[in-house]
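The values are calculated or read from the model by the stated rules, or taken from the named source; none is laboratory data. Owing to the predicted nature of the structure, the values given are computational and were not obtained by experimental measurement. Heads up, the Cβs are rebuilt from the backbone with ideal geometry, glycines too, and the neighbour counts pull from every protein chain shown. Side chains are part of the model used for accessible areas, which takes the heavy atoms of the whole protein and leaves out ligands, DNA and RNA. Shrake-Rupley method; radii C 1.70, N 1.55, O 1.52, S 1.80 Å.
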Amino acid sequence: MTTKRDYYEALGVSRQASEEEIRKAFRKKAMEYHPDRNKASDASERFKEVNEAYQTLSDPERRNAYDRFGHAAGNGGGPRPGGFDGSDLFGGFGTIFDSFFGGAAGARSRTRAGSDRHVEVSVTFEEAAFGANREVSVGRVEQCGACKGSKSEPGTEPETCGNCRGSGRVRRSQRSVFGQFVTEAYCNVCGGGGQRIVNPCKQCRGLGREESKRRIQVAVPAGVYDGATLELRGQGDAGPDGGPPGSLLVTVNVQKHPAFRRRENSADVLFDLDVTFPAAAMGIEAEVPTLDGDAKLKVPAGTQPGSVFRMKGKGIPHLGRDGRRGDQLVTVRVRTPEKLSKDQKRLLEELQRSFEKN
């Protein structure tokens, strides 16, 4: 998930910059990234980014809200002056470039997908292995319950825009530093919607969307690893002007287990088995904990410290592979006693002498 850049950073100005400094910085950046002169793959996104930054920082009220709340300030506020319908407050782009370049190089649909939302869930090691269900609380933007997204007060209707005659676009010709431009741009009166909201909905203030809290069920799949992000499409913010909703991105945090570890993000489980020196020398059949309960593991005579034994099929299910499981890898650690009784010390001394004779 991409983090939105700070607006001041996007324009290359300080937070104390004057309106004129912001305007000059915007013009410089806009010329640099304008699609008609910059063919880089990210030029279009940069072009939109500086547009969005300028729309916020050039408006004293919106700049003040941004300085206080950052990007979160984009989820509130009333309709903007100058014919904007207010949907820009949710991260859209207006027609501010008209004043510099005579509009975009060809009008496009204003329908945009809603923003993604992000939450985190915590699961145990076992739940990550075999799957679990979680219910999360999500604050998101939804279609206004009163006006059903129409933006007009219930019982009223919007008017057809007289400037563009309902098309949402106007053609204009303008000379710029790059020569003469004949462009089709969003209508500066209706903002490209083709209609004017005469009586804005009181509940959503003419935005057509409102903040809401929802509880959503999340199915954590078997085999998920720590830090994995699940995407629930259609569970994010509703799109402006009837656009499709964004996604809910769920990051999974897996709790540490006291005995088991995971080999990176594979399906194999790691376990350390402590045995005594005599057990390693003579061999034993040990009871080893697994995700399925205790299982027997034969440790042969003469096993060396650090030896690894594989218990097939005792690991974690492979993510998205029909339940096929990895293995449990058991590393033998020979435990050296810190204190010995007299008898133990005597026996070890005898053993040591026997080794010396050989």
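Of the listed pairs Lys4/Lys39; Lys24/Lys151; Lys24/Lys48; Lys312/Lys339; Lys296/Lys345, which have alpha-carbon separations greater than 25 Å here?
Pairs exceeding the cut-off: Lys24/Lys151; Lys312/Lys339; Lys296/Lys345.
Given H placed on each backbone N at 1.01 Å, which residues far from Ala228 in sequence or on other chains put an amide H within less than 5 Å of it?
Residues meeting the criterion, in which the H sits 1.01 Å from N, are Val252.
If the cut-off is 25 Å between C-alpha atoms, which lysines fall inside it for Lys342, apart from same-chain ones fewer than 8 positions away?
Lys357
How much of the accessible area of region 261-335, in percent, comes from carbon and sulfur atoms when a 1.4 Å probe is used? Can you show the working numbers first?
On the way: 2130 of 4230 Å².
Answer for region 261-335: carbon and sulfur cover 50 percent of the accessible area.
Which value, in Å², gives the accessible area per residue of region 218-357 when a 1.4 Å probe is used on the protein heavy atoms?
With all protein chains present, region 218-357 gives 61 Å² per residue.
Near Val254, within a Cβ-to-Cβ distance under 12 Å, what is the net charge of the other residues, with Lys and Arg +1 and Asp and Glu -1?
Result for the local shell: -1.
Rounded if a/c is under 1.5, else prolate if a/b is larger than b/c, else oblate: which is region 210-299, with a ≥ b ≥ c the root eigenvalues of its Cα gyration tensor?
Because a/c hits 1.5 or more and a/b exceeds b/c, region 210-299 counts as prolate.
Gain in length, Gln203 to Ser41, computed as 0.36 nm per residue apart minus the alpha-carbon separation, to one decimal in nm?
Gain on extension, Gln203 to Ser41, equals 54.2 nm.
Amide H neighbours of Gly12 under 5 Å, counting only residues 5+ apart in sequence or on other chains, H built in-plane at 1.01 Å?
For Gly12, whose amide H was placed from the backbone, there are no distant partners under 5 Å.
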